[in-house]
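Peer 1: I am attaching a structure below and will ask some questions about it afterwards.
The values are calculated or read from the model by the stated rules, or taken from the named source; none is laboratory data. This is a predicted model, so every value here is computed, not measured. Backbone-built Cβ (ideal geometry, glycine too); neighbour counts: all protein chains shown. What goes into the accessible areas is simple: the full protein's heavy atoms, side chains included, and nothing from ligands, DNA or RNA. Shrake-Rupley method; radii C 1.70, N 1.55, O 1.52, S 1.80 Å.
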Amino acid sequence: MKYKTSLLAFALLPVLLGGSLVSRGALDNRLALTPPMGWNSWNHFACNVSDSLIRQTADAMASSGMRDAGYRYVVIDDCWQVSRDGRGRIVADPVRFPHGIKALADYIHSKGLKFGIYTDAGTKTCQGRPGSYGYEEQDARTYAAWGVDYVKEDWCNASGLDAPKQYAKFRDALARSGRPIVFSICEWGSNQPWEWAPKVGNLWRTTDDIEDKWASMLANLDQSGQHPTAAKPGAWNDPDMLEIGNGGGMTDDEYRAHLSLWAIVAAPLIAGNDVRTMSAATKAVLLNPEVLAVDQDSLGAQGILVWEPVPELQVWAKPLRDGSRAVALLNRSSKPDTITAYFSRSGIHTDSARVRDLWSHSDVGRFKGKYSVLVRPHAAVMVRLTPI
Ligand code: GLA
């Protein structure tokens, strides 16, 4: 009898705690211990997704070296779904996905990649397709049966709903599905997700949708940069997907700065270009191993803006596991200028440090107290400072 009572109390615990599923504690799915890396269809293809596009993309990710550089998740964004059947099961577009989603997931897995899919917490997705509201358990079970490894849940058509509660519902449904699935929260920073999302998802958007423009990239950086203490292994601020090589809306210098800064703020690196046709220049940016290593550093600290002596000339720094610091010297202005990273401001407390340039892949030398460099307009120099 006593046993039964304590079981009952345990079952009622969420209710006793005020009914909030969120109060159950931190998300502990042991996934995304470093920021997730992959590709998503939205930035380049919007609703123009299909089985053949996703298969060709998976092929290109394997053959281009993207997969081996760490870009593992291939994610179909909005528009893959068209309706629900008589039993409420979500139905993929039969014309665009004639073999069904499970077969596509199997193909992606056969390439050594992982598979992600998109839904929405509301009644409909942003493009008017069926959302998961009221179908959370069923959708999570369906995705798990298909072999889904990553779910992005959007926030359109959700007015009147409580974001922490709705996202916790999907988190719990995913947990009950029995499959390890990375959970990507996409409510654009509209409900202070940095306060609750670390317990609910592996990553959470902090901003509106990014565009292939310098100003948009910087605006998202600035917004996401305000919540560094929320980030930790398994839980990341997400300033949105990469625009590198997407539509040519930025110069190569600007794209290099984009990757450098996303790495400094430990952002998920989800490519958004057409990887089947990417140029050598785009590939060189996306595959820079030294910058990717900064993003993927196992310490999992989000870097911060440490110094802006003059408006538009900034120094961003991120502590790394081995005691070194990654530093981005960012020139947001439209003329070349010298930027100085003072070691003490960047978290280096020895007199001297070794400086390695992560874009030229060269050791620049030993420096005392500071490192100054001429930075082109709309560009970043990225270095690693190792204390001596
Ligand atoms: C929202 C999201 C985007 C994308 C689209 C799809 O705008 O923020 O990332 O998923 O919806 O409709």
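Peer 1: Across the stretch 71-80, what is the number of residues that are open to solvent by less than 10 Å² (accessible area, probe 1.4 Å), touching a residue at least 60 places away in the same chain (Cβ under 8 Å) and within 16 Å of the ligand (Cβ to nearest atom)?
Peer 2: The number of residues fulfilling the criteria is 3.
Peer 1: Also, I was wondering about something else. If you scan the stretch 157-180, which residues turn out to be in contact (Cβ under 8 Å) with a residue 40 or more places away in the chain and in contact with an Asp or Glu (Cβ under 6 Å, 6 or more places away or on another chain)?
Peer 2: Within the stretch 157-180, 163, 169, 170 qualify.
Peer 1: Still on this structure, please answer the following. Taking the stretch 144-158 as the region of interest, how many residues are away from the ligand (no atom under 15 Å from the Cβ) and either crowded, with 24+ Cβ neighbours inside 10 Å or among the hydroxyl-bearing types (Ser, Thr, Tyr) (or both)?
Peer 2: Looking only at that region, the number is 2.
Yes or no, residue by residue, for (1) open to solvent by 60 Å² or more (accessible area, probe 1.4 Å); (2) touching a Leu at 6+ places or on another chain (Cβ under 9 Å); (3) among the charged types (D, E, K, R):
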site: 303; (1), (2), (3): no, yes, no
site: 351; (1), (2), (3): yes, no, yes
site: 360; (1), (2), (3): yes, no, no
site: 377; (1), (2), (3): no, no, no
site: 387; (1), (2), (3): no, no, no
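Peer 1: Another question about this same structure. Which condition from (1) in a loop (DSSP other than H, G, I, E, B); (2) more than 16 Å from the ligand (Cβ to nearest atom) is the one that residue 47 breaks?
Peer 2: Looking at each condition in turn, residue 47 falls short on (2).
Peer 1: While we're on this one: Among the residues in the stretch 329-340, are any touching a Phe, Trp or Tyr at 6+ places or on another chain (Cβ under 8 Å), at pLDDT 95 or above and over 14 Å from residue 260 (Cβ atoms)?
Peer 2: Checking the stretch 329-340: at least one residue is touching a Phe, Trp or Tyr at 6+ places or on another chain (Cβ under 8 Å), at pLDDT 95 or above and over 14 Å from residue 260 (Cβ atoms).
Peer 1: Okay, next question. Is there a residue being surrounded by 15 or more Cβ atoms within 10 Å (Cβ to Cβ) and under 25 Å from residue 277 (Cβ atoms) anywhere in the stretch 81-90?
Peer 2: Scanning the stretch 81-90, I find no residue that is surrounded by 15 or more Cβ atoms within 10 Å (Cβ to Cβ) and under 25 Å from residue 277 (Cβ atoms), so the answer is no.
Peer 1: How about the stretch 287-388: which strands (runs of 3 or more DSSP E) wholly inside it have at least 1 residues that are basic (Lys, Arg) and under 22 Å from the mean Cα position of the chain (by Cα)?
Peer 2: Hits in the stretch 287-388: 313-319, 325-331.
Peer 1: Where in the stretch 160-263 are the helices (runs of 4 or more DSSP H), entirely inside, with at least 3 residues that are over 27 Å from residue 132 (Cα atoms) and open to solvent by 10 Å² or more (accessible area, probe 1.4 Å)?
Peer 2: 214-224
Peer 1: Look at the stretch 25-44 and say how many of its residues are aromatic (Phe, Trp, Tyr), under 14 Å from residue 71 (Cβ atoms) and either assigned to a loop (DSSP other than H, G, I, E, B) or open to solvent by 30 Å² or more (accessible area, probe 1.4 Å) (or both).
Peer 2: 0
Peer 1: Could you please find all residues in the stretch 110-136 being closer than 19 Å to residue 184 by Cβ and in a helix (DSSP H, G or I)?
Peer 2: 136
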